[in-house]
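Everything below concerns the one structure shown next.
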Amino acid sequence: QQVQQGCILVTPSTTPAYVPVLGKVTAIVTDEGGILCHAALISREMKIPCIIGTKNATRIFKSGDFLEVDADNGIVRVYGGGQ
């Protein structure tokens with residue numbers, strides 16, 4: 001699936017292969033990771049809000065959900081149903 005400009009990327013984790021699409025996203029949410037994981041490091045470099053280590057974001061959120069990411073407080077809110 002194509003990553004659309006302005007979307008929030010919800011993924012198990014990120015790798016360097018994700019870098020080309022990260023310029024399009026407004027936030028990153030991952031199931032795995034810690035303070036030195038790829039998503040954490042790249043989000044700091046690119047100044048993208050990021051929440052890592054949720055354990056279950058990919059099971060809870062679906063493609064098409066309208067999400068709000070509050071990275072300062074570690075909160076992701078859903079405002080709409082997925083496809």
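Answer with yes or no whether Ala39 is loosely packed, with under 15 Cβ neighbours inside 10 Å and either in a strand (DSSP E or B) or among the hydrophobic types (A, V, I, L, M, F, W, C) (or both).
On the way: loosely packed, with under 15 Cβ neighbours inside 10 Å: no; either in a strand (DSSP E or B) or among the hydrophobic types (A, V, I, L, M, F, W, C) (or both): yes.
Judged against the criteria, Ala39 is not a match.
State all residues of the stretch 16-36 that are at pLDDT 95 or above, β-branched (Val, Ile, Thr) and open to solvent by 60 Å² or more (accessible area, probe 1.4 Å); if no residue qualifies, say none.
Residue satisfying the conditions is Thr26 alone.
Please specify each residue of the stretch 44-58 satisfying the condition of being without any contact (Cβ under 8 Å) to a residue 24 or more places away in the chain, under 16 Å from Thr11 (Cα atoms) and not in a loop (DSSP other than H, G, I, E, B).
Matches in the stretch 44-58: Cys50 only.
Kindly evaluate Gly64 against the criterion of being open to solvent by 40 Å² or more (accessible area, probe 1.4 Å), without any contact (Cβ under 8 Å) to a residue 24 or more places away in the chain and not aromatic (Phe, Trp, Tyr). Before you say what the answer is, go through the steps one by one.
Values: open to solvent by 40 Å² or more (accessible area, probe 1.4 Å): no; without any contact (Cβ under 8 Å) to a residue 24 or more places away in the chain: yes; not aromatic (Phe, Trp, Tyr): yes.
No.
Farther than 18 Å from Cys7 by Cα and touching a strand residue (DSSP E or B) at 6+ places or on another chain (Cβ under 9 Å), is that true of Gly53?
Yes, satisfied.
Out of (1) surrounded by 11 or more Cβ atoms within 10 Å (Cβ to Cβ); (2) in contact with a strand residue (DSSP E or B) (Cβ under 9 Å, 6 or more places away or on another chain); (3) not aromatic (Phe, Trp, Tyr), the odd one out for Arg77 is which?
If we test Arg77 against (1) surrounded by 11 or more Cβ atoms within 10 Å (Cβ to Cβ); (2) in contact with a strand residue (DSSP E or B) (Cβ under 9 Å, 6 or more places away or on another chain); (3) not aromatic (Phe, Trp, Tyr), just (1) comes out false.
The values are calculated or read from the model by the stated rules, or taken from the named source; none is laboratory data. Owing to the predicted nature of the structure, the values given are computational and were not obtained by experimental measurement. Because the Cβ atoms are built from the backbone with ideal geometry, glycine has one as well, and the counts that use them run over all protein chains shown. Surface accessibility is based on the protein's heavy atoms, side chains included, excluding ligands, DNA and RNA. Shrake-Rupley method; radii C 1.70, N 1.55, O 1.52, S 1.80 Å.
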